[in-house]
Amino acid sequence: MEPAAAPPARERARPRCLQGAVAALARDGLAKLDMADVSESAGVSRGTLYRYFHSREALLAEVSVHEALRFWRGCLDALSEAPAEARAEVLVRQATRQVHEHAALRRLLETDPALVLRAVREQFPRIRGQLERLLEPQLGAARWVREGVVAAGE
């Protein structure tokens, strides 16, 4: 079997733009982020960047989705080998590690915590649902749930 061919340069530009945006956010913060900085960080022309993202807002929306998916993939990978009784601890450790290692998120937390909190608040029902599915076996077995102090979803 022959190795898969690398995607054409056009198909590699979009992920590079997203990575460049994350790098520019980490370096400059949100308030100073502009498309020229992103194109420079990504190593693409501004025309290429605008081909994929018509505005700064469109780029930031895509970056937030991309980074959220990356975060959840990291959590799922960490949980894939964790025994049920350790899933909550593994999840908290992995999530904490990812936040500490994500320079752009750290920068946003330092410079614009209200934006981060607003995004978490908007996504909270979805996040809660995902966490419940991931931790259901452990939550159901917890003493305080068994004794009826709280429900697993709480």
Just give me the residues in the range 44-72 being open to solvent by 50 Å² or more (accessible area, probe 1.4 Å) and either more than 23 Å from Val99 (Cα to Cα) or modelled with pLDDT of 95 or more (or both), in sequence order.
-> Ser45, Arg46, Tyr50, Arg51, Tyr52, His54, Arg56
Selection from the range 77-94 of residues out of contact with any Lys or Arg (no Cβ under 8 Å at 6 or more places or on another chain), open to solvent by less than 90 Å² (accessible area, probe 1.4 Å) and of a type outside the set (Val, Ile, Thr) yields Ser80, Ala82, Pro83, Ala84, Ala86, Arg87, Ala88, Leu91, Gln94
Only residues in the range 134-146 that are on the phi > 0 side of the Ramachandran plot and loosely packed, with under 12 Cβ neighbours inside 10 Å count as the first member; pair them with residues that are hydroxyl-bearing (Ser, Thr, Tyr) and modelled with pLDDT under 80, Cβ under 6 angstrom, at least 6 apart or cross-chain, and list the lot.
-> none
Top-ranked residue of the range 111-131 - restricted to ones that are surrounded by 13 or more Cβ atoms within 10 Å (Cβ to Cβ) and without any contact (Cβ under 8 Å) to a residue 24 or more places away in the chain, ranked as farthest from Glu89 (Cα to Cα) | Val116
What residue, of Leu135, Leu131, Leu109, Leu105, is of a type in the set (A, V, I, L, M, F, W, C), out of contact with any strand residue (DSSP E or B) (no Cβ under 8 Å at 6 or more places or on another chain), assigned to a helix (DSSP H, G or I) and farther than 18 Å from Arg73 by Cα?
-> Leu109
Inside the range 56-82, can you point out the residues that are among the hydroxyl-bearing types (Ser, Thr, Tyr) and under 15 Å from Ala24 (Cβ atoms)?
-> Ser64
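The values are calculated or read from the model by the stated rules, or taken from the named source; none is laboratory data. Nothing here was measured: the structure is a model prediction, and the numbers come from that model. Note: ideal-geometry Cβ built from the backbone for every residue, glycine included; neighbour counts use all protein chains shown. The accessibility values were calculated without ligands, DNA or RNA, using every heavy atom of the protein model including side chains. Shrake-Rupley method; radii C 1.70, N 1.55, O 1.52, S 1.80 Å.
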